[in-house]
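Remarks on the structure that follows.
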Amino acid sequence: MRSVGRWITILGIIGLLWGCRPSEPIQEGGPVTLVFKHGQIEGNPAAFQTLLRKFEASHPGILVRDEVLPSSSDQQHQFYIIGLEGRSAEFDLLALDVIWVQEFARAGWIRDLSSLFPPSERGAFFPGPIDAVLFEGRPYAIPWFLDAGLLYYRRDLLEKYRLSPPKEWSDLAAAAQTVARGENDPRLRGFVWQGKQYEGLICNVLEVLWSAGGEVLDERGKVVLASASNREALTFLRNLIGEGRVSPPMVTTADEETTRRLFGEGRALFMRNWPYAWVLFQKEGSAVRGKVGVAPLPHFPGHDSAAALGGWQLGINRFSRHSKEAEALLLYLTSPEVQRTMAIETGYNPTRKALYNDPALAAAQPFTAGLRDLFFSARPRPLSPYYPMLSQIMQPEFSAVLVGIKPPEQALRDAALQMKHLLGEPVR
Amino acid sequence: MTTGRLLRQIGFSLLLLATALFFFGPVLWEGITSITPDAEMVAVRLFPRNPTLEHYQSIFVGQPFFRIILNSLVVASMTTLFSLAIGGLAAFALARLHFKGKRILLGGALAVSMFPPVAIISPLYLIVRALGLRDTGWALIVTHTTFSLPLSLWILTRFFEEIPVELYWAAQIDGCTPLQAFTRIILPLAAPGLAAVAILVFLFSWGEFLFALTFTTTEASRTIPVGIALFPGLHEIPYGDIAAASIVVTLPVILLVLLFQRRIIAGLTAGAVKG
Amino acid sequence: MRSSARLGYALISPAVLLLTAVALIPIAAALYLSFQKRLPIFQIVRFVGLENYRFLAIDPRFWNSLGNTLYFTLLAVTLELALGLGVALLLDRAFPGRGWIRAIVLLPWAIPTVVSSRIWEWLYNVEFGLFNSLLTEGGVTHGPINWLGDPFWAMHAAILIDVWKSAPFVTILLTAALQTIPRELYLAARVDGAGRWGIFYHIVLPALRPVILVVLLFRTLDAFRVFDAIYVLTGGGPGNTTETLSIYTYKVLFQTLQFGYGATLAVAMFFCVVAISLIYFGLLGRERRGA
């Protein structure tokens with residue numbers, strides 16, 4: 001009994017000593033420490049640290065402490081909400097997913113950057129991300145890097161059957177069926193994409209809807225989801241899994257990594273995914289090395305191919321006590337030099353158009369440089385502070401269609417009804 | 001040995017095997033995954049062709065995993081200590097002393113357990129920040145202790161009540177104060193219950209994620225669940241690294257538990273035998 | 001008696017203090033929020049009385065998630081209790097290596113859910129998971145099972161994980177309870193000629209009953225609030241077929257940022273659990289804690 005008491009005392013002392021260290025150094029007229037919160041940096045994290053140190057060197061009196069959050073967009077979103085709703089001043093600069101900017105801007109959680117990012121500067125960036133960061137005509141973030149959905153295909157298999165990369169969705173389905181019949185390999189899937197009930201599903205579905213000329217909200221922000229073209233598009237997606245047998249049932253649980261692994265093992269003919277997968281396919285030891293091609297996603301007759309816009313933007317916490325310094329860091333991180341370095345070292349896709357013609361970038365990351373046209377056409381998801389709510393309405397409806405528990409027409413109608421109710425539109 | 005007994009022995013062994021397989025199977029698979037090189041990750045084999053230790057190496061590179069484990073150890077230990085102490089004393093009072101308001105305390109504690117943590121995380125964050133505990137281990141110790149108290153209170157009260165009240169009275173007749181009777185008679189006899197609650201509270205704190213994510217941000221105070229949540233990159237999930245990390249954090253827990261069980265029970269029951 | 005009461009209050013005061021300051025205050029805040037329409041994005045903060053509750057009553061997604069949660073809880077807790085009790089009884093007799101088996105049984109509970117969810121996700125993977133490999137190679141199934149993407153399988157896959165993870169909780173507590181049964185009772189019963197079932201029914205069960213009740217209670221509370229595993233595996237899908245109340249509440253709070261309605265959902269969850277607890281106490285807790 002006595003030894004237990006001794007252990008308790010020892011532990012208690014250790015605990016007190018360990019716990020009572022302040023986590024933030026008290027500064028009296030000392031350097032300003034900026035806190036930059038973001039998700040994991042891919043590729044070469046040391047390169048990013050070097051960039052931050054260079055900033056500190058050229059800005060004496062400012063120190064940068066970058067704090068990493070889990071990569072999950074949802075977890076970051078949750079973290080920011082709890083902090084910003086509580087008016088936290090614990091971070092100054094934050095990385096925002098492209099779908100949060102409208103929401104955070106409307107909430108007054110991020111600073112208006114009009115003076116920092118005038119229209120003359122915006123022309124240097126791709127149009128899609130610029131649209132995403134403008135709220136009521138004013139910029140609330142600066143695009144940092146971007147992503148867009150594209151079609152990966154097995155060049156070797158298409159060549160074998162003398163098929164060219166599909167331009168229209170019907171071509172894709174036909175090609176998948178031809179190859180399936182020819183190869184007669186039960187483990188070879190036709191077309192894999194992300195159909196799990198999460199945000200990625202919206203990207204996948206919208207790409208198909210848009211390519212049929214459909215929309216979620218029109219230019220005035222009115223709900224136009226329950227349209228004939230949307231119904232056609234959604235039915236097509238369902239049939240890919242159902243009758244057509246072009247897509248395996250597992251797409252209803254697939255996210256980016258699941259499909260990437262599948263395609264990377266040579267088990268799929270087509271895949272919809274973000275550009276990140278390319279580098280992984282070209283690695284030493286990859287089963288599909290040298291056999292992969294990329295193309296814009298197919299479309300329906302009479303309409304254009306569409307790619308969903310992804311990516312991250314940088315914004316300033318409105319409750320930050322060091323906004324001037326944060327602005328300096330923000331401009332630094334989105335400057336051409338830093339974007340080029342990050343593109344080369346970490347493989348991120350820069351948001352400045354001119355960099356795609358940069359010889360150094362083209363030499364180091366030829367694949368990225370080749371994505372320029374795709375990024376020009378990348379479209380943001382509906383731009384509205386209501387977007388998270390709209391997404392939450394659409395996700396289960398789309399998912400229900402894909403697993404066959406709801407017909408497309410009804411799902412679109414139900415979703416449209418809920419959206420109209422949400423946006424305060426008259427519900428007929 | 002009669003055939004009846006032999007069959008029973010075999011049956012018993014089979015059941016044991018099935019039990020071990022069910023509980024241990026996924027963990028074993030995790031262990032196998034942790035030594036599978038990334039290239040072989042998708043080839044479903046029961047054992048990799050080229051087992052590797054690269055995952056165990058990589059989890060210590062790039063983040064201070066030792067520090068993270070230490071943080072978790074301290075937080076979980078302190079939580080267990082406080083939960084047992086505060087909960088144990090209160091449970092004794094609930095079990096053997098006479099005063100009003102017992103049902104309110106137990107009911108209130110249960111009510112705390114009935115509320116989904118997601119709904120109270122925002123106001124809790126404000127409280128933690130107001131107390132100046134943000135980004136310290138104490139934020140977690142305090143919140144973990146509080147939210148493990150209902151379990152401690154209810155289980156320990158039950159166990160203390162099960163000790164025959166005559167023993168308690170006898171100790172008092174012998175000249176013990178109520179608290180002495182508690183520490184000398186009731187505690188040792190309830191040792192299995194104490195050990196069980198200690199293990200459960202420790203593991204609750206060890207694996208708690210929501211509060212850890214919200215209240216701690218820097219490596220100085222990070223705990224294991226958040227540390228592991230930081231493994232996945234922007235798109236890729238390193239199953240190998242995650243498996244290695246989970247093995248690394250689980251083995252010491254098991255050893256601790258084995259040690260803890262034997263020592264605590266031995267230490268406490270020794271007191272009872274003499275008394 | 002009075003000094004005993006004073007001692008009693010003194011001993012419970014740390015617990016009361018902690019619970020009030022750290023737990024009950026946020027809960028009261030949530031309760032208060034449930035009567036508000038609070039959308040921080042739109043800076044709407046408005047007292048609306050029972051309007052949220054009225055909406056709750058007709059909200060189809062609430063009823064869907066309630067149904068999912070009840071199904072999950074019922075099935076999971078029943079299986080956990082049965083399995084946990086079975087294992088506790090199995091491990092009650094001494095045999096070489098018992099300590100190790102006890103430690104093994106502890107493992108699922110010892111591994112943080114954020115980690116075990118990933119492992120199970122990998123096991124359930126349609127193309128590369130071990131389960132499908134074993135099933136198809138063993139000739140049991142024709143093609144791969146869409147564990148997490150099929151409306152039927154997804155819920156049961158989640159239940160299996162919870163049973164795996166939580167049966168140890170039951171086992172640990174029931175093992176401790178079994179250890180406090182005096183061995184003389186067993187001997188006496190055997191002398192009286194009682195067989196296995198007799199001993200179990202007349203000695204073990206009654207002795208375990210109080211602890212079983214508490215275990216059942218806490219397992220139900222936990223299962224009702226299940227979140228991590230399902231969120232990682234299915235996110236509530238497909239088509240909201242695995243969306244439990246916790247997940248719906250989380251989405252309402254942190255994805256649609258409706259703080260008022262989210263609090264209302266939490267309060268609704270609370271009352272459901274209170275109802276269940278009262279049923280337990282009524283049916284099984286015939287002995288009340290005395291004094």
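Quick check on my link table: of A:K324/C:K37; A:K167/C:K251; A:K167/A:K196; B:K102/C:K251, which ones sit more than 32 Å apart, alpha carbon to alpha carbon? Going by Cα-Cα distance, A:K324/C:K37; A:K167/C:K251; B:K102/C:K251 fall outside the 32 Å limit. Per residue, chain A reaches -13500 deg cm²/dmol at 222 nm when only DSSP H runs of four or more residues are counted, each adding -39500 (n - 2.57).
With the cut-off at 1.5 for a/c, could you classify chain C from its C-alpha gyration tensor as rounded, prolate or oblate? Verdict is oblate for chain C.
Computed from backbone phi, the HN-Hα couplings of region C:261-275 come to 5, x, 5, 4, 4, 4, 5, 4, 4, 4, 5, 4, 5, 4, 4 Hz, rounded to whole numbers (Karplus: 6.51 cos²θ - 1.76 cosθ + 1.60, θ = phi - 60°; Gly and Pro given as x). The calculated FRET efficiency for C:R54 paired with B:N50, based on their beta-carbon distance and R0 = 56 Å, is about 0.35. Under 5 Å between amide hydrogens, built in the peptide plane, is the criterion, and for A:D147 it picks out A:G310, A:G311 among residues at least 5 positions away or on other chains. Across C:T244, C:T171, C:T20, mean-square fluctuation computed from a Gaussian network of chain C (C-alpha pairs under 10 Å connected) peaks at C:T20.
Summarise the partner chain shielding of C:147-153 as one whole number: the mean count of Cβ atoms from other chains within 10 Å of each residue's Cβ.
On the way: counts 2, 6, 15, 6, 6, 1, 1.
Partner Cβ neighbours, averaged per residue: 5.
Legend: ranking of residues A:K420, A:K37, A:K196 from fewest to most surrounding C-beta atoms inside 10 Å; resulting order A:K420, A:K37, A:K196. In sequence order, region A:41-50 has phi-based couplings of 8, 6, x, 9, x, 4, 4, 5, 4, 4 Hz under the Karplus curve 6.51 cos²θ - 1.76 cosθ + 1.60, θ = phi - 60°, and Gly or Pro positions carry x.
Residue separation of A:T50 and A:S323 scaled by 0.36 nm, minus their Cα-Cα distance, works out to 96.0 nm of gained length. Put a dot 7 Å past the Cα of B:L17, heading toward its Cβ, do the same for A:Q177, and the two dots end up 5.1 nm apart.
Charged neighbours of A:S164, selected by a Cβ distance under 14 Å, balance to +1 (K, R count +1; D, E count -1). Within the listed set B:L251, B:L110, B:L17, the residue fluctuating most in the Gaussian network model of chain B (springs between alpha-carbon atoms under 10 angstrom) is B:L17. Using only Cα atoms, find the angle between the long axis of helix A:408-423 and the longest principal axis of chain A, and express it within 0 to 90 degrees, rounded to the nearest 10. In chain A, helix A:408-423 runs at an angle near 30 degrees to the longest axis. Hey, what's the Cα Rg ratio for the protein assembly as shown versus the globular rule of thumb, 2.2 N^0.38 Å? In units of the 2.2 N^0.38 Å rule of thumb, it is 0.98.
Return a whole-number percent for the relative contact order of chain C, with Cα pairs under 8 Å and 6 or more residues apart as the contact set. Averaging sequence separation for qualifying contacts and normalising by length gives 30 percent for chain C. Based on DSSP H segments of at least four residues, each scored -39500 (n - 2.57), chain B has a per-residue ellipticity at 222 nm of -24500 deg cm²/dmol. The angle separating the long axis of helix A:336-346 from the principal Cα axis of greatest extent in chain A is about 70 degrees.
Were the residues from A:E265 through A:A354 laid out at 0.36 nm apart, the gain over their Cα-Cα distance would be 28.5 nm.
Peptide B:19-31 is shielded by partner chain Cβ atoms: per residue, an average of 6 of them sit within 10 Å of its Cβ. The loop-placed trypsin sites (Lys or Arg not before Pro) in region C:163-247, going by DSSP, include none that has at most 16 neighbouring Cβ atoms within 10 Å of its Cβ. Counting neighbouring beta carbons within 10 Å and listing from fewest to most, the residues C:V140, C:V273 come out as C:V140, C:V273. In sequence order, region A:98-113 has phi-based couplings of 4, 8, 9, 4, 4, 5, 5, 5, 4, 6, x, 9, 10, 6, 6, 10 Hz under the Karplus curve 6.51 cos²θ - 1.76 cosθ + 1.60, θ = phi - 60°, and Gly or Pro positions carry x.
Which semi-axes, in whole Å and largest first, does the equivalent ellipsoid of chain B have when worked out from the alpha carbon gyration tensor as the square roots of 5 times its eigenvalues?
Working: eigenvalues 306, 175, 50 Å².
Equivalent ellipsoid of chain B: 39, 30, 16 Å, largest first.
The mean count of C-beta atoms from other chains within 10 Å of the C-beta of residues in B:96-103, rounded to a whole number, is 6. Taking A:G264, A:G43, A:G128 in turn, the Gaussian network model of chain A (Cα-Cα springs below 10 Å) assigns the largest fluctuation to A:G43.
Once a ≥ b ≥ c are taken as the square roots of the eigenvalues of the Cα gyration tensor of region A:298-428, is the result rounded (a/c under 1.5), prolate (a/b larger than b/c) or oblate (a/b not larger than b/c)? All intermediate terms of the calculation are to be shown ahead of the outcome.
Working: a/c = 3.19, a/b = 1.57, b/c = 2.03.
Since a/c reaches 1.5 but b/c is at least a/b, the shape of region A:298-428 is classed as oblate.
May I ask for the angle, rounded to the nearest 10°, between helix B:65-96 and the longest principal axis of chain B, with both axes built from Cα atoms and the value confined to 0 to 90°? Once rounded, one gets 20 degrees. Residues whose amide H lies under 5 Å from that of C:I44, counting only those 5 or more places away or on a different chain, are C:L39; hydrogens are built 1.01 Å from N in the peptide plane. Close amide H contacts of A:R318 (hydrogens built in the peptide plane, cut-off under 5 Å, sequence separation of 5 or more or a different chain): A:I110, A:R111.
Read-outs throughout are calculated quantities, based only on the coordinates presented, and are distinct from any laboratory measurement. Everything quoted here is computed from the prediction, not taken from an experiment. Every residue, glycine as well, gets a Cβ built from its backbone with ideal geometry; the counts of neighbours run over all protein chains shown.
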